[in-house]
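Scroll down for the structure; my scribbles are underneath it.
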Amino acid sequence: MTLTIVDGLIIGLYLLVVIAIGVALRQRTRTSEDFFLSGRSIPAWVAGLAFMSANMGAQEVVGMAASGAKYGLATSHFYWVGAIPAMVFLGLFMMPLYYGSRARSVPEYLKLRFDEKTRLLNAATFAFMTVISSGISMYAMGLLLNLLLGWPFDLSIWLWAGIVLIYVFMGGLTSGIYNEVLQFFLIVFGFAPLVILGLIDIGGWPGLMASLADVSLQRGYPADALSTVWRHTGSAADNPLGVGWFGISMGLGFVLSFGYWCTDFLLVQRAMAADSLSAARQAPIIAAIPKLLFPALVILPGMIAIGLTHRAGGISFPLKPDGSLNYDLAMPLMLARYLPTGLLGLGITALMASFMSGMAGNVTAFNTVWTYDLYQAHIRPNASDRHYLNIGRIATVAGVLLSIAAAYLAARFNNIMDLLQLVFAFVNAPLFATFLLGMFWKRTTGHGAFVGLLTGTVGAALHHGLTIPQHAIPGIKGGWLFIVHTYPSEMAQNFSTAIVAWTTCLLVTVAVSLMTRPRPDEQLRGLVYSLTEKGYEKPASWYLNPTLLAPLVLGAAFALNIVFW
Amino acid sequence: MGLDIRLPIGVLFTALGFVLLVYGAISDPSIYARSLGINVNLAWGCVLLVFGIAMLLASRRRSVK
């Protein structure tokens with residue numbers, strides 16, 4: 001695939017606007033709260049779209065199309081089950097505590113609710129994780145652009161990192177949020193033509209269903225396995241995900257989804273930047289509306305691509321070294337097949353935008369947690385606000401440089417990165433139990449939370465060490481202690497690891513809390529749901545009222561699950 | 001935050017729509033074989049232009065108020 005001058009012009013226009021936003025915001029960024037929390041001045045719809053996009057990094061976009069090709073429509077479980085309920089819960093029940101407590105970050109909430117050690121544990125692991133995941137996605141993007149357009153790996157990495165650095169350095173979180181909103185529209189307008197053309201080509205929805213049936217049968221599944229979401233989840237072996245309904249609803253839909261959407265500061269930071277408590281509550285729920293529909297933009301292209309493999313003159317996926325199809329190329333293959341010069345530039349711009357704002361999301365979350373939760377809390381408290389603003393800017397540079405280092409580390413030692421991601425998965429898995437107890441059970445104590453988190457992490461590691469997915473070799477995939485259970489797929493194992501970690505953390509936190517002294521009620525006002533006043537101000541428009549919007553969004557998610565059952 | 005986000009969105013999409021529209025009008029029709037014979041640059045350029053102008057108008061209306 002080669003780009004022409006028109007494609008270049010389109011990419012150039014985008015980069016120009018991105019830099020211009022940073023420049024325009026520079027004078028408006030005067031205090032540390034401007035830099036780290038956008039001065040809590042972002043309207044609900046902007047915070048909502050940013051919330052939705054912050055999760056939509058390039059890896060996610062490319063990965064969702066890949067999963068669409070591999071698992072079919074069941075990939076939408078990651079949206080309709082694995083995102084919407086958690087987003088609505090965050091908006092209705094958790095944002096009042098995050099926003100109302102005036103905490104400036106998720107770790108800081110833990111400090112206010114529990115104690116310093118719980119905050120430190122969360123802040124340190126989170127800061128490290130953001131840098132690593134930003135590096136990994138940078139590495140993936142460098143590889144993709146090299147493969148697709150022949151751009152040198154080093155050039156991609158330094159150029160995109162440099163642009164992200166410029167705009168975050170100048171405008172802080174506001175720059176990040178504005179670019180996420182821009183990215184949202186670029187993804188919509190960049191990928192919609194792909195879906196429209198692909199659907200026309202494959203013969204509309206009936207044509208797609210017929211092609212997918214061929215693919216399913218060939219892989220040894222029932223004919224509708226790739227085009228239904230729940231029908232074949234009675235047994236894990238009958239569906240391409242290799243996970244049964246319990247794993248999907250408990251592991252993905254409850255533990256992993258709530259743990260990610262409700263506690264990951266990268267996301268929550270967007271809602272914390274909202275201009276009022278009611279806007280902060282609306283933001284995740286507004287974000288859930290496009291989230292309902294995005295499977296059509298990011299999963300459908302993958303499904304069309306795999307459907308076309310069974311057509312004369314269709315698509316053929318390159319093979320991986322182990323002989324399996326390289327599903328990761330679903331989105332690039334579709335771009336190359338349908339988009340002529342001009343629209344191709346727009347499609348590539350959409351990919352780059354999602355990559356850059358994914359990285360900016362990590363950097364803005366990193367600099368905030370570093371400055372407020374590590375530097376101010378442990379290295380230098382009581383300095384001037386100006387000082388923390390400068391530290392935030394330095395942390396931005398450091399965060400970008402560390403991400404670049406992580407990208408090169410990923411390129412050199414892929415297995416180290418796999419290992420790190422695994423460890424983080426263990427650390428993250430129990431988190432939601434801590435927040436759930438902390439926010440809704442006032443008896444929970446700091447010691448309980450801390451010990452619960454640690455044992456939850458150990459529980460996750462033990463479960464991983466004792467179980468293994470089918471056909472895997474003991475090691476990074478599990479079973480490194482000895483094997484007591486074999487799962488039908490890696491995903492099934494992951495979901496179970498999460499359930500085990502969460503349950504361990506919950507039980508241990510409750511037990512230790514009951515043995516330690518609770519904090520008096522008056523210290524917990526605004527931090528625990530039952531002790532917090534609920535007199536919410538009226539939202540600007542009646543249709544933005546969360547109590548109206550939430551059931552509508554949940555109802556729509558439910559309906560989609562039924563329609564595509 | 002002072003800067004209305006609809007302004008940069010409007011500027012970007014108006015410019016992108018304009019570029020695609022013009023290119024769609026002057027480009028060699030043979031490049032549209034891959035897009036099923038549809039001049040998608042022209043068509044989608046119009047969509048982007050309309051969206052971009054709508055965003056610009058929305059940002060202007062608010063700043064006048």
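The values are calculated or read from the model by the stated rules, or taken from the named source; none is laboratory data. As the structure is a prediction and not an experimental result, all values here were calculated from the model. In this analysis, Cβ positions are derived from the backbone assuming ideal geometry, glycine residues included, and neighbour counts consider all displayed protein chains.
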Scan region A:323-378 residue by residue and report those that are part of a helix (DSSP H, G or I) and among the β-branched types (Val, Ile, Thr).
-> A:348, A:349, A:363, A:364, A:368, A:369, A:371
From A:312, A:365, A:336, grab the single residue that is under 24 Å from the mean Cα position of the chain (by Cα) and aliphatic (A, V, I, L, M).
-> A:365
Failed item in (1) under 24 Å from residue A:192 (Cα atoms); (2) surrounded by 24 or more Cβ atoms within 10 Å (Cβ to Cβ); (3) among the aromatic types (Phe, Trp, Tyr), with residue A:317 passing the rest = (2)
Of all residues in region B:22-46, how many are outside any helix (DSSP H, G or I) and hydrophobic (A, V, I, L, M, F, W, C)?
-> 2
Positions within region A:468-492 being within 21 Å of residue A:241 (Cβ to Cβ) and touching a Phe, Trp or Tyr at 6+ places or on another chain (Cβ under 6 Å), in sequence order | A:469
Scanning region A:471-493 for residues that are surrounded by 14 or more Cβ atoms within 10 Å (Cβ to Cβ) and not aliphatic (A, V, I, L, M) gives A:477, A:478, A:479, A:480, A:486, A:487, A:488, A:489, A:490, A:493
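Check A:383, A:407 and return the single one that is part of a helix (DSSP H, G or I) and not hydroxyl-bearing (Ser, Thr, Tyr).
Answer to the selection: A:407.
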Which one of these is buried (at least 24 other Cβ atoms within 10 Å of the Cβ), under 16 Å from residue A:178 (Cβ atoms) and of a type in the set (Ser, Thr, Tyr): A:41, A:53?
-> A:53
Report, by residue number, each residue of region A:105-124 that is small (Gly, Ala, Ser) and within 17 Å of residue A:424 (Cβ to Cβ).
-> A:123, A:124
Matching entry among A:229, A:215 (being part of a helix (DSSP H, G or I) and touching a residue at least 12 places away in the same chain (Cβ under 8 Å)) | A:215
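Can you find, within region B:5-46, the residue that is farthest from the other protein chains (Cβ to nearest Cβ) among those that are among the hydroxyl-bearing types (Ser, Thr, Tyr) and touching a helix residue (DSSP H, G or I) at 6+ places or on another chain (Cβ under 9 Å)?
Applying the filter and picking the extreme gives B:14.
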So residue A:535, is it out of contact with any Ser or Thr (no Cβ under 6 Å at 6 or more places or on another chain), among the small types (Gly, Ala, Ser), over 20 Å from residue A:453 (Cβ atoms) and at pLDDT below 90 = yes
Answer yes or no: is there a residue in region A:8-21 that is without any contact (Cβ under 8 Å) to a residue 40 or more places away in the chain, aliphatic (A, V, I, L, M) and either buried (at least 19 other Cβ atoms within 10 Å of the Cβ) or touching an Asp or Glu at 6+ places or on another chain (Cβ under 6 Å) (or both).
-> yes
Across region A:376-394, what is the number of residues that are more than 19 Å from residue A:272 (Cβ to Cβ) and among the hydroxyl-bearing types (Ser, Thr, Tyr)?
-> 1
Taking residue A:31 and the conditions (1) under 21 Å from residue B:10 (Cβ atoms); (2) surrounded by fewer than 17 Cβ atoms within 10 Å (Cβ to Cβ); (3) touching a helix residue (DSSP H, G or I) at 6+ places or on another chain (Cβ under 7 Å), which numbered condition does it fall short on, given that it satisfies the others?
-> (1)
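Based on what the data block shows, is residue A:557 loosely packed, with under 15 Cβ neighbours inside 10 Å, part of a helix (DSSP H, G or I) and modelled with pLDDT of 90 or more?
no
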Residue, farthest from the chain's Cα centre (by Cα), within region A:30-48, restricted to residues that are within 9 Å of chain B (Cβ to nearest Cβ) and β-branched (Val, Ile, Thr) | A:42
Please specify each residue of region A:181-201 satisfying the condition of being within 30 Å of residue A:18 (Cβ to Cβ), facing chain B (nearest Cβ under 8 Å) and in contact (Cβ under 8 Å) with a residue 24 or more places away in the chain.
-> A:181, A:182, A:189, A:193, A:197
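Could you tell me which of the residues A:204, A:171 is of a type in the set (Gly, Ala, Ser) and more than 10 Å from every other protein chain (Cβ to nearest Cβ)? Quick ask: steps written out before the conclusion?
Details: A:171 fails: more than 10 Å from every other protein chain (Cβ to nearest Cβ).
The match here is A:204.
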Across region A:292-341, which residue is farthest from residue A:210 (Cα to Cα) among those that are modelled with pLDDT under 85 and of a type in the set (D, E, K, R)?
-> A:322
Test result for residue B:49, facing chain A (nearest Cβ under 10 Å), farther than 23 Å from residue A:26 by Cα, in contact (Cβ under 8 Å) with a residue 24 or more places away in the chain and assigned to a helix (DSSP H, G or I) | no
